[in-house]
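The values are calculated or read from the model by the stated rules, or taken from the named source; none is laboratory data. This is a predicted model, so every value here is computed, not measured. For neighbour counting, all protein chains shown are included, and Cβ atoms are generated from backbone atoms with ideal geometry for every residue, glycine included.
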Amino acid sequence: KEIETLVADRLKDISEEDKPTAMIIHKYSENTVSVPGSDTWADYWITASGGINAAAEIEGTKETGIEQIYQWNPDKIFITNFNDALPEDIYNNTLCSADWSNIEAVKNQQVRKIPLGMYRWYVTCSDSPMMLLWMAKQHHPDRFEDIDFNETMKEFYKQFYDFDLTDADIES
């Protein structure tokens, strides 16, 4: 609740025009990606962190092709840890045998792998406060530039797990 309130307070005056569109890739196959729309955790993470879910028109999580992603043309793409894809796979057009190069997120190097902590951050877990803060920093870095995310993670892990994270732990 503390992180939720912090994020909401810092984003309360963001206009719709200043919210980036974002899409999360849950899984993928040879020709499709599984994309969460409305009524999903992806929708919560994206909207609560100051973005607009590019796939909100679909309910639940659905497989879709690159043509649909071209139509959505998200400003940011996030990849879950439920698959082994990395941003480089999209930048190098090796994911789903597709050409991703004309999508805004790719043009602007805004494809990120969602971090993995105690569990996969995409779903609710004990690290959910960190996911929300991390996403907010991805969407609106200027609103959170005073927050050193690595230091916040170290404090969080110390408080809730009595574990001293190192910079190397965070990087891995």
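When residues of the range 143-156 are filtered for being touching a residue at least 12 places away in the same chain (Cβ under 8 Å) and either over 21 Å from residue 10 (Cβ atoms) or part of a helix (DSSP H, G or I) (or both), how many remain?
Total satisfying the criteria: 8.
Does residue 100 qualify as being over 11 Å from residue 35 (Cα atoms) and out of contact with any Phe, Trp or Tyr (no Cβ under 9 Å at 6 or more places or on another chain)?
The answer is no for residue 100.
Please find, within the range 15-39, the residue that is surrounded by the fewest Cβ atoms within 10 Å (Cβ to Cβ) out of those that are closer than 17 Å to residue 70 by Cα and without any contact (Cβ under 8 Å) to a residue 40 or more places away in the chain.
Among those that are closer than 17 Å to residue 70 by Cα and without any contact (Cβ under 8 Å) to a residue 40 or more places away in the chain, it is 34.
Given the conditions (1) over 23 Å from residue 47 (Cα atoms); (2) in contact with a helix residue (DSSP H, G or I) (Cβ under 8 Å, 6 or more places away or on another chain); (3) among the aliphatic types (A, V, I, L, M); (4) in a loop (DSSP other than H, G, I, E, B), report the number of the one that residue 85 does not fulfil.
Only one criterion in (1) over 23 Å from residue 47 (Cα atoms); (2) in contact with a helix residue (DSSP H, G or I) (Cβ under 8 Å, 6 or more places away or on another chain); (3) among the aliphatic types (A, V, I, L, M); (4) in a loop (DSSP other than H, G, I, E, B) is unmet by residue 85, namely (2).
Checking the structure you have, find out if any residue of the range 63-83 is at pLDDT 95 or above, within 28 Å of residue 9 (Cα to Cα) and of a type in the set (D, E, K, R).
Among the residues of the range 63-83, at least one is at pLDDT 95 or above, within 28 Å of residue 9 (Cα to Cα) and of a type in the set (D, E, K, R), which makes the answer yes.
Mind listing just one residue for me: the one in the range 41-53 that is modelled with pLDDT of 95 or more and under 27 Å from residue 97 (Cα atoms) and, of those, surrounded by the fewest Cβ atoms within 10 Å (Cβ to Cβ)?
Top of the filtered list is 52.
If you go through the range 96-118, how many residues are surrounded by fewer than 15 Cβ atoms within 10 Å (Cβ to Cβ), over 15 Å from the mean Cα position of the chain (by Cα) and either within 20 Å of residue 83 (Cβ to Cβ) or among the aromatic types (Phe, Trp, Tyr) (or both)? Don't jump to the end; show me each part of the working.
So the first thing to find is which residues in the range 96-118 are surrounded by fewer than 15 Cβ atoms within 10 Å (Cβ to Cβ), and the list is 97, 99, 101-102, 107-109, 116, 118.
Of the ones still in play, those that are also over 15 Å from the mean Cα position of the chain (by Cα) are 97, 99, 101-102, 107-108, 118.
Now narrow it down to the ones that are either within 20 Å of residue 83 (Cβ to Cβ) or among the aromatic types (Phe, Trp, Tyr) (or both): 97, 99, 118.
Result for the range 96-118: 3.
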